[in-house]
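Have a look at the structure below before the remarks.
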Amino acid sequence: AQTVTQSQPEMSVQEAETVTLSCTYDTSESDYYLFWYKQPPSRQMILVIRQEAYKQQNATENRFSVNFQKAAKSFSLKISDSQLGDAAMYFCAYRANTNAGKSTFGDGTTLTVKP
Amino acid sequence: NAGVMQNPRHLVRRRGQEARLRCSPMKGHSHVYWYRQLPEEGLKFMVYLQKENIIDESGMPKERFSAEFPKEGPSILRIQQVVRGDSAAYFCASSPQGARDYGYTFGSGTRLTVV
């Protein structure tokens, strides 16, 4: 079974600085997708960034980028120039290409941004 | 396009009552997924549906829980004879058909409280 582990229940960062959130996963599949979602206090789940496992190039979306290490099964999220609005819970998620439906989520990391 | 619409936003039920949670997917999306989030935890997969079909219900408790996505109308997650342990946030997500790399579009969730 696939598992997703986020080993940092809480992280904090100073405004304008950079923070990295960790995620590891376990799978026997070779073709899959990885995602980071943001859940602010409003509880709305928002897709931040996605990565296809067959692509070596790390995905980037503005201030958000990932460090995808397929061999190590690691998928960390880097937030640059952190803003107060980045404060939220962040979830890492995995979906196998053989299964268009089910995604497996980690337990989340709560990010606090200090002014 | 209003996105994924879930209602009600908050639902309070007494033990033994029935809870009905509704989800209208984003326009053009034919896949619907239900996830449950317990306090301080990540999202746990419950069920994946397409119109008139349950594709994967491996995360759904065998008793008291059911889901449907009729040809017309919203998807319904039904919980019969609710118990305190059913208190959680229930999220619905949708995606387009065939888009395996598509991250979910989530609704705002329904917070069920069983008293």
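Are there GluC sites (Glu not before Pro) in segment B:51-89 that DSSP puts in a loop and that have at most 14 other Cβ atoms within 10 Å, and which ones?
The qualifying sites are B:E52, B:E63, B:E72.
Please identify, among B:L49, B:L11, B:L77, the residue showing maximal mean-square fluctuation in a Gaussian network model of chain B using a 10 angstrom Cα cutoff.
B:L11
Once each part is reduced to its C-alpha centroid, what is the distance from segment B:46-73 to segment A:1-35 in angstrom?
When both Cα centres are located, 29 Å separates them.
So which lysines pass the test for A:K70, namely a Cα distance under 25 Å, with those fewer than 8 places away in the same chain ruled out?
A:K70 reaches A:K38, A:K55, A:K78, A:K102, B:K44.
Around A:Q69, with a cut-off of 15 angstrom between Cβ atoms, what is the net charge of the other residues, counting Lys and Arg +1 and Asp and Glu -1?
+2
When the Kirkwood radius is taken over all Cα pairs of chain B, what Stokes-Einstein diffusion coefficient follows at 20 °C and 1.002 mPa s, in µm²/s?
Reported coefficient: 152 µm²/s.
Evaluate the distance, in nm, between pseudo-label points positioned 7 Å from the Cα of A:R63 and of A:A16 along their respective Cα→Cβ axes.
Result for the modelled spin labels: 1.2 nm.
Need one number: nm distance between label points at A:T5 and A:S42, each 7 Å from Cα along Cα→Cβ, rounded to one decimal.
3.4
Calculate the mean, over all residues of peptide A:62-69, of how many other protein chain Cβ atoms lie within 10 angstrom of the residue's Cβ.
Partner-chain Cβ atoms within 10 Å, mean over residues of A:62-69: 0.
Roughly how big is chain B's charge dipole about its Cα centre, with Cβ charges of +1 (Lys, Arg) and -1 (Asp, Glu), in debye to the nearest 20?
Once rounded to the nearest 20, the dipole reads 400 debye.
Excluding same-chain residues fewer than 8 positions from B:K27, which lysines have a Cα within less than 17 Å of its Cα?
B:K51, B:K71
Percent of Cα-Cα pairs per 10 Å bin, from 0 to the last occupied bin, for segment A:11-115, please list those.
15, 49, 29, 7, 0
Segment A:13-108: which chymotrypsin sites (Phe, Trp or Tyr not before Pro) are DSSP loop and have at most 15 other beta-carbon atoms within 10 angstrom?
Here the chymotrypsin sites (Phe, Trp or Tyr not before Pro) that fit, given the DSSP loop and packing criteria, are A:Y54.
In chain A, with Lys and Arg counted as +1 and Asp and Glu as -1 at Cβ, which of these residues, A:N67, A:T104, A:P41, has the Cα nearest the positive end of the dipole, that is, farthest along it?
Result: A:T104.
State the three equivalent ellipsoid semi-axes of the protein assembly as shown, derived from the C-alpha gyration tensor as the square roots of 5 times its eigenvalues, in descending order and whole Å. Provide the component values of the computation, followed by the final result.
Numbers: eigenvalues 175, 86, 50 Å².
Output for the protein assembly as shown: semi-axes of 30, 21, 16 Å.
Which trypsin sites (Lys or Arg not before Pro) does segment B:1-40 hold that lie in a coil by DSSP with at most 14 other beta carbons within 10 Å?
Filter output for segment B:1-40: B:R9, B:R14, B:R15, B:K27.
Return the single residue from A:S42, A:S80, A:S103 with maximal mean-square fluctuation; model: Gaussian network over chain A, springs between Cα atoms under 10 Å.
Result for chain A, Cα springs under 10 Å: A:S42 fluctuates most.
Quick one: longest stretch of chain A between exposed loop GluC sites (Glu not before Pro), exposed meaning at most 16 other C-beta atoms within 10 Å and loop per DSSP?
Longest stretch, sites excluded: A:30-115.
Starting from the Cα-Cα distance between B:E41 and B:R64, subtract it from 0.36 nm times their residue separation and give me the gain in nm to one decimal.
Separation in residues times 0.36 nm, less the Cα-Cα distance, equals 6.1 nm.
Only Cα pairs under 8 Å and at least 6 apart count here; give the relative contact order of chain A as a rounded whole percent. Mind showing how you got there, number by number?
Details: 282 pairs, mean separation 42.6, N = 115.
Once normalised by length, the contact order is 37 percent.
Counting only the backbone N, which residues of segment A:46-60 are under 20 Å from the spot 7 Å out from the Cα of A:D81 toward its beta-carbon?
In segment A:46-60, the label zone of A:D81 (backbone N under 20 Å from the point 7 Å along Cα→Cβ) covers A:48-50, A:59-60.
Each reported figure results from applying straightforward, stated rules to the coordinates on display, with no laboratory input. All values reported here derive from a predicted model rather than from experimental measurement. Using ideal geometry, Cβ is built from the backbone for each residue, glycine included, and neighbour counts are taken over all protein chains shown.
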